[in-house]
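To start, the structure itself, in structure tokens.
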Amino acid sequence: MKAFNFIILFITVFEGALGAANPLLGKFRTPHEAVPFNKIKNEHFMPAFVASCDQYNLEINEIINNPDPPTFENTIVAIEYSGFLLRRLSSVFNGLLDTENDDQLFEIAQIISPQITACQHNIYLNDTLFSRVKEVYKMRKQYNLSTEDERLLLKTYNAFFDKGANLSPRDKERYREITTELNLLELKFNYNILKDENSFELLVSDEKDLAGLPDKIKEAAALEAKSRDKTGWLFTLAETCYFPFMRNASNRALREKMYRAKMNVGNNGNEYDNKEIVREIVNIRLEVARMMGFRNYAEYALKDRMAKNKENVVDLLQQLLNNYKPLAINEMNAIQGFVAGREGDDGFKVMPWDWDYYSTKLKDLQFKINDEMTRSYFEFERVRQAVFSLATQLYGLTFKENKKIPVYHPDVKVYEVYDRKGRFMALLYGDFFQRETKMSGEWMNSFSEQYIDEKGKDHRPHVVIVMNFVLPTEGRPTLLTYSEVKSMLHEFGHALHGMLSDCTYASLSGTNVAADFAELPSQIMENWLKEKDFLDQFAVHYQTGEKIPASIVDKLIEATNFNVGNECCKQISYSLLDMAWHSITEPFDGDMEQFEKASWTVSQILPEVPNTLITTSFGHIFSDDGYAAGYYGYKWAEVLEADAFAAFKESGIFSRQVATSFLESILSKGDTQEPNRQYIRFRFQQPTIDALLRRNGIASNIIK
């Protein structure tokens, strides 16, 4: 395989020449070839990107100029293995951009983004290379390919079409121009969210205004104010600050102020305003879709996902609305009645900034359970150990911290992951605590994917899970809420999908699957937190060591479906907003707030709030195209995981037999087979909404 040998030669040259001077080039001489973060400086990125792009172009030219007839090996596999250094470098850089962002990194990103896009264009818009791919695809039945090889060939062939290979020369030039611009816009969108969110401060000087807030939250706010040389209590839009404030603060005016600030990130008319960026993004995506022969971007994006088309997405969302909206209305009426009785005011209208506050109070009244009652039993380190232990029970994995592996921040820990036979499976980086340089939210990412090289060596993945928990303070460890524990299980599920991968090709391995399938491995992990047998394994009081009382566990499980109707309608609202933005058939030049509110009217339960705009901070769909026209995937995957977890419930939630089947059918397969085929191999049936409805205690009212 000439192209692959050329890659090896080029890497060797880099090791001898540039590798010694630039730690991002050449082989990483660290345990498990981990990223040498301790040696990397910002000034290393630009020359590394230039060298990696040059190498990528040389590798592609080697394939293009190959005088031999095109074959699966010298064309498809050669394309797959090309660009190794650039992919590795991009993974490291993008990981830092999300967790250690500063102005210098952002400036570098703006410079290198067009260069990376140009590298991609040089592949997919090259007529000679495309002709070789087409020839291999045409002769595919002669190659006796494995299932995974067939999948790689099909995805490679389709990728050329999706990325402009069949366009006219004039359209190719336009495609180069607008997709380069699109990548820069998505980058700027994300940067603006981080900056605008960090710029907000709510400084409280009168302690009376802190009524209702737990001492822990007030202490954290006082420390935040002190760290910024201010007096009083300072609250930010960080999730670990925002949500506790909204659930507990009695001061309604301050709740409204916090709510409006959160709902207007990127919509403040300042240098970080995202409205024009959104307009440009949706219009460019529409133009790209039209170039490819589709009416809108949703059609273009959905053809390669489980849903296949917009009609199937709408059908699912409508089924969910039929079953959950009546429940959500009842939940709203219950809150409204509770508030009227509590406040002695029949005319009191529950607004969005009231919902979390009064929901928390009603939940406490009905179930005698709240975050502050349970937080003491969810000490972070015990939770982490329990999450790892769950993977041990299900999949035989063990985790060993390795302090010799370099990290990009002192708070990050690295674990070597081994299977039952002692085989090294992965590196797992845990970046658990919040800081200003980190994007809000939680996610999983990879610094390197799993793949097998031509010599048969299995390169194991290096995976990172990122959370935003409050840092421990002197005398008090990090104590998590029930929902934060659930979030950690969710991201760990993504990590398992990456770590347990057993594929030949990196582009098909791990989490490189359709967006509406990717959430199955993550969301299924949340189910264990609703099980008494799992909670009993780790939930003990951080001070006394007392095991969480059975009565509290029972209440936690009993309260699982509290306000589930409203939660579902909220997710449907975001899905409808996403589909609306990506279903436009003409360039958008209208009122953005009006468009947003019209898109989700059918699923809204709470009153609409004028002069708010979620679109400008909707990072899932505008910071990159991975979830564009794909946010519905969370609900799609929820149907899958509810049905899948039913298999565990039938055989026992720690059943190794079921876990092994899930591993062999789904977690290890990446995108080597059609997702639906993977699922049926595990469950022996097509998923339906019924398991989700049963779990949420809803009688099915499905309208087909």
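The values are calculated or read from the model by the stated rules, or taken from the named source; none is laboratory data. Please read all numbers here as calculations on a predicted model, not as lab measurements. Methodologically, a virtual Cβ is constructed for each residue, glycine included, from the backbone with ideal geometry; neighbour enumeration extends over all protein chains shown. Areas reflect the complete protein model, heavy atoms only, side chains present, ligands, DNA and RNA absent. Shrake-Rupley method; radii C 1.70, N 1.55, O 1.52, S 1.80 Å.
Tell me, what % of the accessible area of the chain is carbon and sulfur with a 1.4 angstrom probe?
Details: 14300 of 28970 Å².
In the chain, the share of accessible area belonging to carbon and sulfur is 49 percent.
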Could you tell me what fraction of 2.2 N^0.38 Å the Cα radius of gyration of the stretch 154-198 comes to, as a two-decimal ratio?
1.62
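Assign one of three labels to the stretch 144-218, namely rounded, prolate or oblate, based on the Cα gyration tensor with a ≥ b ≥ c the square roots of its eigenvalues; rounded applies when a/c is under 1.5, prolate when it is not and a/b is larger than b/c, and oblate otherwise.
On the way: a/c = 8.25, a/b = 2.30, b/c = 3.58.
Oblate, since a/c reaches 1.5 and b/c is not below a/b.
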Accessible area per residue, 1.4 Å probe, Å², for the chain: what's the number?
41 Å²
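State, as an integer percentage, the relative contact order of the chain based on alpha-carbon contacts under 8 Å between residues 6 or more apart. Spell out each step's value before the answer.
Values: 1051 pairs, mean separation 106.2, N = 704.
It comes to 15 percent, rounded to a whole number.
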So what are the three principal axis dimensions of the chain from its Cα atoms, in whole Å, longest to shortest?
84, 57, 56
Sort all Cα-Cα distances of the stretch 613-704 into consecutive 10 angstrom bins from zero, then give the percent of pairs in each bin up to the one containing the longest distance.
14, 36, 30, 17, 2
Taking the Cα-to-Cβ direction at Glu674 and at Ser389 and moving 7 Å from each Cα, how far apart do the two end points lie in nm?
4.2 nm
Could you pull out every residue, at least 5 positions away or on a different chain, whose amide H is within less than 5 Å of the one on Val540? Hs are placed 1.01 Å off N in the peptide plane, and Pro or chain starts have none.
Glu379, Ile548
By average Cβ neighbour count within 10 Å, what is the ranking of 350-363, 234-247 from highest down?
234-247, 350-363
Going through the stretch 512-564, which GluC sites (Glu not before Pro) have at most 16 other Cβ atoms within 10 Å and a DSSP loop state?
Glu546
Just to be sure I understand: of the beta bridges DSSP finds with both ends in the chain, what percent are antiparallel, rounded to 5?
80 percent
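Return the inverse of the average 1/r over all pairs of distinct C-alpha atoms in the stretch 291-443, which is the Kirkwood hydrodynamic radius, in Å to one decimal.
Values: mean 1/r = 0.0467 Å⁻¹.
Every distinct Cα pair counted, the radius reaches 21.4 Å.
Hey, what number do you get for the chain at 222 nm if only DSSP H runs of n ≥ 4 count, each worth -39500 (n - 2.57), divided across all residues, to the nearest 500? It would help to have the intermediate numbers written out before the result.
Numbers: 29 runs with 377 residues, N = 704.
Counting only the DSSP helices, I get -17000 deg cm²/dmol.
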PRE zone check, label point 7 Å out along Cα-to-Cβ of Thr660, amide N under 15 Å, scope the stretch 401-422, hits 420-421
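State which helices in the chain qualify, where a helix is a whole DSSP H run, it must extend 20 Å or more along its own axis by its Cα atoms, and its mean Kyte-Doolittle hydropathy must be at least 1.0. Spell out each step's value before the answer.
Values: long enough: 2-16 (21 Å, 1.50); 45-64 (28 Å, 0.52); 84-99 (23 Å, 0.63); 103-124 (32 Å, 0.14); 147-162 (22 Å, -0.61); 169-199 (45 Å, -1.27); 275-291 (24 Å, 0.13); 310-343 (45 Å, -0.21); 352-367 (22 Å, -1.18); 380-395 (22 Å, 0.18); 482-499 (25 Å, -0.22); 564-581 (26 Å, 0.16); 633-651 (27 Å, -0.14).
Flagged H segments are 2-16.
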Place a point 7 Å from the Cα of Ser205 along the Cα-to-Cβ direction; which residues of the stretch 229-260 have their backbone N under 13 Å from it?
230-233
Whole-Å distance, taken between Cα centres, linking the stretch 114-170 and the stretch 255-281:
40 Å
Residues of the stretch 624-651 with amide N under 20 Å of the 7 Å Cα→Cβ point at Arg694:
636-651
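Could you give the length gained by full extension between Gln594 and Ile329, i.e. 0.36 nm per residue of separation minus their alpha carbon distance, to one decimal place? List each step's numbers first, then the result.
Details: separation 265, 0.36 × 265 = 95.40 nm, distance 2.35 nm.
Difference between extended and current length: 93.0 nm.
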Out-of-range pairs (alpha-carbon distance over 31 Å; input Lys457/Lys486; Lys138/Lys163; Lys41/Lys155; Lys188/Lys216; Lys27/Lys413; Lys188/Lys404):
Lys457/Lys486; Lys41/Lys155; Lys188/Lys216; Lys188/Lys404
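Contour minus end-to-end for Arg295 and His459, with contour as 0.36 nm per residue of separation and end-to-end as the Cα-Cα distance?
54.9 nm
Net charge near Val485, counting Lys/Arg +1 and Asp/Glu -1 over other residues with Cβ under 13 Å of its Cβ?
On the way: positive: Arg375, Arg382, Arg384, Lys486, Lys530; negative: Asp371, Glu379, Glu381, Glu442, Glu484, Glu491, Glu526, Glu531.
Summing Lys and Arg as +1 and Asp and Glu as -1 gives -3.
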Under the Debye formula (equal points on every Cα, no solvent term), log10 I(q)/I(0) of the stretch 543-635 at q = 0.14, 0.18 Å⁻¹
-0.63, -0.85
Beyond 19 Å, what share of the Cα-Cα pairs of the stretch 185-236 is found? Please give it as a whole percent.
38 percent
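Can you figure out the FRET efficiency of Glu173 with Glu107, using R₀ = 41 Å and their beta-carbon distance, to the nearest 0.05?
On the way: r = 27 Å, r/R0 = 0.67.
The computed FRET efficiency comes out at 0.90.
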Report the Cα centroid-to-centroid distance between the stretch 385-413 and the stretch 308-345 in angstrom, as an integer.
39 Å
At what distance in nm do the modelled label points of Asp624 and Glu311 sit from each other, each positioned 7 Å from its Cα along Cα→Cβ?
3.2 nm
Using a 1.4 Å probe on the protein heavy atoms only, what accessible surface does His620 show? Give it in Å² to the nearest 10.
80 Å²
Two-decimal Rg to Rh for the stretch 219-309 - Kirkwood Rh, Cα set:
1.23
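Order these peptides, 678-685, 460-467, 570-577, by their mean beta-carbon neighbour count within 10 angstrom, highest first. Kindly include the intermediate steps, with their values, before the conclusion.
On the way: 678-685: 16.4, 460-467: 24.2, 570-577: 22.0.
Taking the mean over residues of other Cβ atoms within 10 Å, the ranking is 460-467, 570-577, 678-685.
Where Lys and Arg each count +1 and Asp and Glu each count -1, what net charge lies around Gln678 among other residues with Cβ under 12 Å from its Cβ? Don't skip to the answer; put the middle values down first.
Details: positive: Arg151, Lys669, Arg677, Arg681, Arg683; negative: Glu664, Asp671, Glu674.
Summing Lys/Arg as +1 and Asp/Glu as -1 gives +2.
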Contour excess over end-to-end distance, with Cα ends at Gln142 and Asn198 and 0.36 nm allotted per residue:
14.4 nm
Taking the Cα centre of the chain as origin and charging only Cβ (+1 Lys, Arg; -1 Asp, Glu), how large is the dipole, in debye to the nearest 20?
1420 debye
If I take every Cα pair under 8 Å that is 6 or more residues apart in the stretch 397-482, average their sequence separation and divide by the length, what percent do I get for the relative contact order?
24 percent
Run the simple label-point estimate for Val609 and Met46 please: 7 Å along Cα→C-beta, distance reported in nm.
4.3 nm
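For Gln686 and Thr231, what is the calculated FRET efficiency with R₀ set at 51 Å and r taken between the beta-carbons, to the nearest 0.05? Could the numbers behind the result be given before it?
Working: r = 61 Å, r/R0 = 1.20.
Computed FRET efficiency for Gln686 and Thr231: 0.25.
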